[in-house]
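The values are calculated or read from the model by the stated rules, or taken from the named source; none is laboratory data. What you are looking at is a predicted structure, and each value in this text was computed from that prediction instead of being measured. Note: ideal-geometry Cβ built from the backbone for every residue, glycine included; neighbour counts use all protein chains shown. Surface areas here come from the heavy atoms of the whole protein model, side chains and all, with no ligands, DNA or RNA. Shrake-Rupley method; radii C 1.70, N 1.55, O 1.52, S 1.80 Å.
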Amino acid sequence: MKTKGALLWEPGTNSGWSVEEIEIDAPKRREVMVKLAASGVCHSDQHLDDGVIPLPWAPVLGGHEGAGVVTEVGPEVDNLDVGDHVVLSFLPSCGKCKMCVSGRSNMCELGAGVLAGYAPDGTHRVHAGDKGVGCMSFLGTFSPYVCAPVDATIKIDKDIPLDKAALIGCGVPTGWGSSVYAADMQLGDIVVIVGIGGVGINAVQGARLKGAGTIIAVDPVPFKQEQAQEFGATHAVGSYEEAATLVSQLTNGQGADRVIITVGVAHGNLMNPAQEMTRRGGVIVLTSAAPILQRDVEFDLFTFAMSGKRLQGSLYGTTNSRNDIPLLCELYRSGQLKLDELITRTYTLDDINQAFVDMQEGKNLRGVIMYDD
Ligand SMILES: NC(=O)c1ccc[n+]([C@@H]2O[C@H](COP(=O)([O-])OP(=O)(O)OC[C@H]3O[C@@H](n4cnc5c(N)ncnc54)[C@H](O)[C@@H]3O)[C@@H](O)[C@H]2O)c1
Ligand SMILES: [Zn+2]
Ligand SMILES: [Zn+2]
């Protein structure tokens, strides 16, 4: 089918997104066509443009946070029908590999191919003129239609509004899971969440849902500080230094139980201040993407070892999409998880570059591209 999509022809050069005509093939084996209601605008797509996540191929159709309705079903699809409502998961899970069967489907072996520039079968599903287009996360939600692998497609109940459900494809589970699973939040914990974007605000929600006693949000943008408090933060400050002083005051110098890093771009100099704020036996979670070739981190290894701290990476919040996406829908339905309030601004696909400008200026918890035709 002919439709339009937002492409990067020169990833890593800050050239911005080009909205143009694309052609999407009909679904092949174990694929479905999904008509999207909306796509979230996540910082990870910005990383394709600014080179934090370098791509050795082009063009790329961006976008990995979407939800919609199945309009066509390819061969060998036995769990989805036309008309089903689905959330697209930015990481696929095959349900068969060692990681999937041991309850760590965020690290499914299919994930190795999400930035390879091809559909899982090694061919292109999207074309721009005579050029094959690679899709972010096998998806490419910066287009009103996505030909998606069934392994990245999670059926949800039809009462959940699809434009809100789109955010459950990346930012919500990544942030929520960073608190609930990766940080292993405990009742009464004192937690610091650094960076209140689409991911960090959901880490605030996860901490609140797990019964954290004190939630300190850190972000230089006053709007983000206000929003964090709406979502359950007990305190909000503008910098690491202020957070460190506050933690010290609140804990008599002991430190926070968990520090979760969800800033837009991680750099090595964020890590030791996080450990200094963490108490003995506490956990530091790193969720943010860092420039792929960055290796430099100054870290007080002696204190780290001798005070039994843990540094935990967090991919997709350590969630299992087939379990956690329906669970997040249920938490939304029962009023425990905010989704509507996450959407600060909506855009048309043609306005996508403005959505990224607004994201970088800190104007949005999440900007969302709406597809309404
Ligand atoms: N690990 C994963 O599975 C995963 C999944 C999705 C996104 N990500 C990554 O998570 C990060 C956050 O994504 P997002 O969409 O929420 O981004 P965002 O741009 O919406 O939010 C980032 C926030 O960090 C704040 N910030 C920047 N520097 C800061 C600092 N030094 N101290 C405190 N706050 C600071 C900004 O003001 C902004 O509010 C990105 O690096 C993204 O690529 C990781
Ligand atoms: Zn994302
Ligand atoms: Zn798997």
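Key figures
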| quantity | calculated |
| --- | --- |
| DSSP bridge pairs, the chain: antiparallel proportion in percent, nearest 5 | 60 |
| Simple Cβ-charge dipole of the stretch 248-373, Lys/Arg +1 and Asp/Glu -1, about Cα centre, in debye nearest 20 | 680 |
| Residue (of VAL41, GLY175, ILE24) at the positive-pole extreme of the chain, dipole from beta-carbon charges | GLY175 |
| Magnitude of the charge dipole, the stretch 175-315, Cβ model with Lys/Arg +1 and Asp/Glu -1, debye to 20 | 360 |
| Neighbour net charge for LEU8 - beta-carbon separation under 13 angstrom, K R +1, D E -1 | -4 |
| Within the stretch 175-315, percent of DSSP bridges classed antiparallel, to nearest 5 | 0 |
| Low-density loop cleavage sites - GluC sites (Glu not before Pro) in the stretch 70-151, where at most 15 other Cβ are within 10 Å (DSSP) | GLU76 |
| The stretch 264-299: trypsin sites (Lys or Arg not before Pro) in DSSP loop, at most 12 other beta carbons within 10 Å | ARG295 |
| Of all accessible heavy-atom area on the chain, the percent that carbon and sulfur account for (1.4 Å) | 51 |
| The chain - charge dipole about Cα centre, Lys and Arg +1 at Cβ, Asp and Glu -1, debye rounded to 20 | 1060 |
| Candidate lysines for bridging to LYS28, where Cα separation is under 23 Å - those fewer than 8 sequence places away on the same chain excluded | LYS2, LYS4, LYS96, LYS131, LYS155 |
| Relative contact order for the stretch 1-55, counting Cα pairs under 8 Å that sit 6 or more residues apart, in percent | 42 |
| Net charge of neighbours whose Cβ lies under 9 Å from the Cβ of CYS94, counting Lys and Arg as +1 and Asp and Glu as -1 | -1 |
| Summed residue charge, Cβ within 15 Å of VAL218's Cβ, Lys/Arg positive, Asp/Glu negative | -3 |
| Accessible area of the chain divided out per residue, in Å², using a probe of 1.4 angstrom | 40 |
